[in-house]
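One structure is given below, encoded as structure tokens.
The values are calculated or read from the model by the stated rules, or taken from the named source; none is laboratory data. Just so it is clear, the model here is predicted, and its values are computed rather than measured. So basically every Cβ, Gly included, is an ideal-geometry build from the backbone, and we count neighbours across all protein chains shown.
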């Protein structure tokens, strides 16, 4: 039998809260929370309302064990996210394919123009396009399946997403500095990228695989559900 004591403990753990943290949020002692979870006492109705708010669960679920809402498919936020990511990714790759050669021909024989064109169409735009694609893939999956993670895992996904995109960002920033600061390309990541990564497969990893993973992880890190327990 799923008693109130069992429900409270399970929902507290799903919210990634210790007894002390929950007690602090609702203004009681840790011992009071412990007694509730051991089944020795139960909170009154006013405290149940406070508890449901702190745990972000429906009060009927907490008090009576009513099943939570099933995952609602085709949520508007995921549909909007998918369409926006798809348009962003498609726009970037169309710009690279159609505008890149035309602009390169237009700035041909212009030393600085060639560098800026190279920076924009080979260093800046590809990671943006691939990251948008990863974000869109995650949004598409979320239209059908619950991809919401618990708090600690959402934070971990967000941090990993930033780490995955970091190498591309370093090259983008460093190469921008290399364009405007004479001699800077002899240092740090810009020169490192072109002098120590000769294999196309490794460059594809840096500029395609990692950004796709980054977009997916950032989506999972930002995806906080309002329909399911955290």
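Quick check: is even one residue across the stretch 122-133 assigned to a helix (DSSP H, G or I), under 25 Å from the mean Cα position of the chain (by Cα), at pLDDT below 80 and more than 30 Å from residue 15 (Cβ to Cβ)? Let's see the steps before the verdict.
First pass over the stretch 122-133, keeping only residues assigned to a helix (DSSP H, G or I): 122-133.
Restricting the remaining residues to those that are under 25 Å from the mean Cα position of the chain (by Cα) gives 122-133.
So of that shortlist, the ones also at pLDDT below 80 come out as 122-123.
Now restrict to residues that are more than 30 Å from residue 15 (Cβ to Cβ): 122-123.
So far as the stretch 122-133 goes, yes, one or more of its residues are assigned to a helix (DSSP H, G or I), under 25 Å from the mean Cα position of the chain (by Cα), at pLDDT below 80 and more than 30 Å from residue 15 (Cβ to Cβ).
Within the stretch 18-35, residues that are at pLDDT below 95 sit with their Cβ atoms under 6 Å from residues that are assigned to a loop (DSSP other than H, G, I, E, B) and surrounded by fewer than 17 Cβ atoms within 10 Å (Cβ to Cβ), at 6+ positions apart or across chains, in these pairs: 23/29; 35/41.
Table: residues versus (1) loosely packed, with under 14 Cβ neighbours inside 10 Å; (2) outside the structural domain of residue 217 (by TED's automatic domain parsing); (3) at pLDDT 90 or above.
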{"site": "86", "(1), (2), (3)": "no, no, yes"}
{"site": "117", "(1), (2), (3)": "no, no, no"}
{"site": "136", "(1), (2), (3)": "no, no, yes"}
{"site": "139", "(1), (2), (3)": "no, no, yes"}
{"site": "151", "(1), (2), (3)": "yes, no, no"}
{"site": "163", "(1), (2), (3)": "yes, no, yes"}
{"site": "177", "(1), (2), (3)": "no, no, no"}
